[in-house]
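A.B. asks: So that we are looking at the same thing, I have put the structure below in structure tokens.
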There are 2 protein chains.
Amino acid sequence: MAEISTKPYLIRALYEWCADAGFTPQLLVAVDGRTRVPPGFVKDGQIVLNISAGATRNLTLDNDWIQFSSRFGGILVVKNSNRSPTVQRVHSDRNLSPITGGTSSPTSPARFSL
Amino acid sequence: MAEISTKPYLIRALYEWCADAGFTPQLLVAVDGRTRVPPGFVKDGQIVLNISAGATRNLTLDNDWIQFSSRFGGILVVKNSNRSPTVQRVHSDRNLSPITGGTSSPTSPARFSL
């Protein structure tokens, strides 16, 4: 049996926690040749992706790939197999800010290292 | 909104990882007045619980309580609301040994701190 990384399991866990706790789940992803994201949003070789239910469509968080459709600067980027960060390139599943608009959201952001 | 602990989310994630990776999920639980386990298996105020699918019945891993039926020294202990470790008392979700009997199980144990 090939060794299985705990990382995708932890990403899914923290994604669910963010949803239940009222935080916005954001991924810090290192961009390389296998990471398909709009290049204009890459900074210092990294991109922050908001993967909340309100910001994405058709999100899948499986053991090898993270895929979703989303808008970048108003432009819809459609999920496909060539436009996805690999799970290995996720540096952290972090919360940068509480979900806005709620009256009972937590006020302090959380950050995790994976 | 009350603050929600990440711990139960991480316990569920590592439980699923152990199942997929061929490890035996074991919990190290600090025993106190709210923790209902057979006292003969408590050592230094702690108990190690094997929560694998093969060792438990009716396992539930929710945000506040972990409950299941299991055998301790051949004695069946039936799950009920007064016989469960609270999630707050879980010190670690650790793997102590690979599942025996398999030919393709990982050989090195894993350990996690929560």
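The values are calculated or read from the model by the stated rules, or taken from the named source; none is laboratory data. In this text the structure is predicted, and so the values were computed from the model without any measurement. So basically every Cβ, Gly included, is an ideal-geometry build from the backbone, and we count neighbours across all protein chains shown.
A.B. asks: Which count do you get for residues in region B:20-79 that are in a loop (DSSP other than H, G, I, E, B), farther than 30 Å from A:Asn63 by Cβ and β-branched (Val, Ile, Thr)? Talk me through it step by step, then tell me what you get.
C.D. replies: Just the residues of region B:20-79 that are in a loop (DSSP other than H, G, I, E, B), to begin with: B:22, B:31-38, B:42, B:44-45, B:51-55, B:62-64, B:73-74, B:78-79.
If we keep only those that are farther than 30 Å from A:Asn63 by Cβ too, we end up with B:31-38, B:42, B:44-45, B:73-74, B:78-79.
Still in the list and also β-branched (Val, Ile, Thr): B:31, B:35, B:37, B:42, B:78.
Summing the residues that are in a loop (DSSP other than H, G, I, E, B), farther than 30 Å from A:Asn63 by Cβ and β-branched (Val, Ile, Thr) in region B:20-79 gives 5.
A.B. asks: Being modelled with pLDDT of 90 or more and under 21 Å from B:Tyr15 (Cβ atoms): is that true of A:Asp20 here?
C.D. replies: yes
A.B. asks: Which of the numbered conditions does A:Ile66 fail, given that it passes all the others? Conditions: (1) within 14 Å of chain B (Cβ to nearest Cβ); (2) touching a residue at least 12 places away in the same chain (Cβ under 8 Å).
C.D. replies: Single failed check for A:Ile66: (1).
A.B. asks: Could I ask something else about it? Output the residue which, of all residues in region B:16-31 that are more than 9 Å from every other protein chain (Cβ to nearest Cβ), in contact (Cβ under 8 Å) with a residue 40 or more places away in the chain and out of contact with any helix residue (DSSP H, G or I) (no Cβ under 8 Å at 6 or more places or on another chain), is surrounded by the most Cβ atoms within 10 Å (Cβ to Cβ). Full working, then the answer.
C.D. replies: So the first thing to find is which residues in region B:16-31 are more than 9 Å from every other protein chain (Cβ to nearest Cβ), and the list is B:18-19, B:23-31.
Remaining after also requiring in contact (Cβ under 8 Å) with a residue 40 or more places away in the chain: B:18, B:23-31.
Still in the running and out of contact with any helix residue (DSSP H, G or I) (no Cβ under 8 Å at 6 or more places or on another chain): B:18, B:26, B:28.
On the way: B:Cys18: 25, B:Gln26: 21, B:Leu28: 18.
Result: B:Cys18.
A.B. asks: Moving on. Report whether or not B:Phe72 is touching a strand residue (DSSP E or B) at 6+ places or on another chain (Cβ under 8 Å) and either at pLDDT 90 or above or more than 9 Å from chain A (Cβ to nearest Cβ) (or both).
C.D. replies: No: the conditions fail for B:Phe72.
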